[in-house]
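The values are calculated or read from the model by the stated rules, or taken from the named source; none is laboratory data. Computed from a predicted model, the values in this text were never measured in an experiment. As a convention, Cβ positions derive from the backbone with ideal geometry for all residues, glycine included, and neighbour counts pool all protein chains shown.
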C-alpha cells in the first residue's frame, strides 16, 4: 500500500462518526445494539443511561435516526434524570427508627411503640397519624430477634399494613369508577408487583400493586381509571387515552407524578 493510500484511509477513519456513543445534551451516551428493539430507546442501567438501537441498523441509518430524534432523546433523558434524582432524594425504608415511609402522598417518620400488655398480632399494629408511622411492637409475641430478623419482621408488618390499606381504598374506588365508565370488572386483587402498577385482563380481572398506597390519592385514582379503561380498549391507542382523559381530566398531571416519583415508590421493600 502506498503512503498516499495509507493517508487516505487514516483520514477516513478520523472523520468517521463515533457510533459507539452519541451526544445528548450534556451527556455522551453509549449505544447498545440489541435484537429486542425495533426502534431507538433510552434505558437506565447500573452504569448510567444508554441508547438502545436495533442491531440490524446500518451506521448511516442509525446516525440519521439519532440526529433526527435528538430533541426527543434530550427530553427523555431529562425525564430519566428527574426520576433518578427523585429516587435518590430519600433513603429507602429499611424498617429502622427514623426511616421515612410515604403513605397517600405524605411522608411519615417511622417509629416503634413497645407495648407488652396487648397481643398485637395483626396488621392493626401499624398506625399512621400526624406525620408519624407507628408500629406497636409486642416483644412477648415476637420474641427475641437479631437485628436483621427484627428489621425483616418490621418490613413484613409494614407490607401487610400497606396491602390491607390498598384493598380497603381500592375496592370502593373501583366500584365508583366502573359505574362511571360503564364497565363491569370481574374481580379485584392486590399484589406486590415490582415493575408495574396494575393489570387488566380480558376476562375482567383487575390487579393493583399495593405500593400504590405511597402515591397521593388522586394519583391512585388515575391508575384505577387507567386499568378500567382497558376493559374497553385493550391497548394504549388514541381512543384509549381519550377515554381515560374523559373520565379523569387530571391524567396528564397524574402521569407526571408517576414518572417523577414512581421509580422510588416501586423500590419499597422490593
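Here residue 224 qualifies as within 30 Å of residue 154 (Cα to Cα) and in contact with a strand residue (DSSP E or B) (Cβ under 9 Å, 6 or more places away or on another chain). Across region 125-157, what is the total count of residues that are in a strand (DSSP E or B) and under 14 Å from residue 108 (Cβ atoms)? The total comes to 8. Looking across region 192-216 at every residue that is in contact with a helix residue (DSSP H, G or I) (Cβ under 9 Å, 6 or more places away or on another chain) and surrounded by fewer than 15 Cβ atoms within 10 Å (Cβ to Cβ), the one that is nearest to residue 160 (Cα to Cα) is identified as 192. Scan region 133-157 for residues that are crowded, with 17+ Cβ neighbours inside 10 Å, closer than 16 Å to residue 93 by Cα and without any contact (Cβ under 8 Å) to a residue 40 or more places away in the chain and the total you get is 4. State whether the residues of region 59-81 include one that is modelled with pLDDT of 80 or more, surrounded by 11 or more Cβ atoms within 10 Å (Cβ to Cβ) and in contact with a helix residue (DSSP H, G or I) (Cβ under 6 Å, 6 or more places away or on another chain). Among the residues of region 59-81, not one is modelled with pLDDT of 80 or more, surrounded by 11 or more Cβ atoms within 10 Å (Cβ to Cβ) and in contact with a helix residue (DSSP H, G or I) (Cβ under 6 Å, 6 or more places away or on another chain), which makes the answer no. Can you give me the number of residues within region 247-269 that are surrounded by fewer than 15 Cβ atoms within 10 Å (Cβ to Cβ), touching a helix residue (DSSP H, G or I) at 6+ places or on another chain (Cβ under 9 Å) and farther than 21 Å from residue 174 by Cα? Counting residues in region 247-269 that are surrounded by fewer than 15 Cβ atoms within 10 Å (Cβ to Cβ), touching a helix residue (DSSP H, G or I) at 6+ places or on another chain (Cβ under 9 Å) and farther than 21 Å from residue 174 by Cα gives 2. Would you confirm whether or not region 89-100 contains a residue that is touching a strand residue (DSSP E or B) at 6+ places or on another chain (Cβ under 9 Å), part of a strand (DSSP E or B) and modelled with pLDDT of 85 or more? Looking through region 89-100, at least one residue is touching a strand residue (DSSP E or B) at 6+ places or on another chain (Cβ under 9 Å), part of a strand (DSSP E or B) and modelled with pLDDT of 85 or more. Residues of region 258-265 include none that is at pLDDT 95 or above, under 17 Å from residue 105 (Cα atoms) and in the same structural domain as residue 194 (by TED's automatic domain parsing).
Per the listing 219, 232, 244, 224, the residue uniquely touching a helix residue (DSSP H, G or I) at 6+ places or on another chain (Cβ under 7 Å) and free of Cβ contacts under 8 Å to residues at least 24 places away in the same chain is 244.
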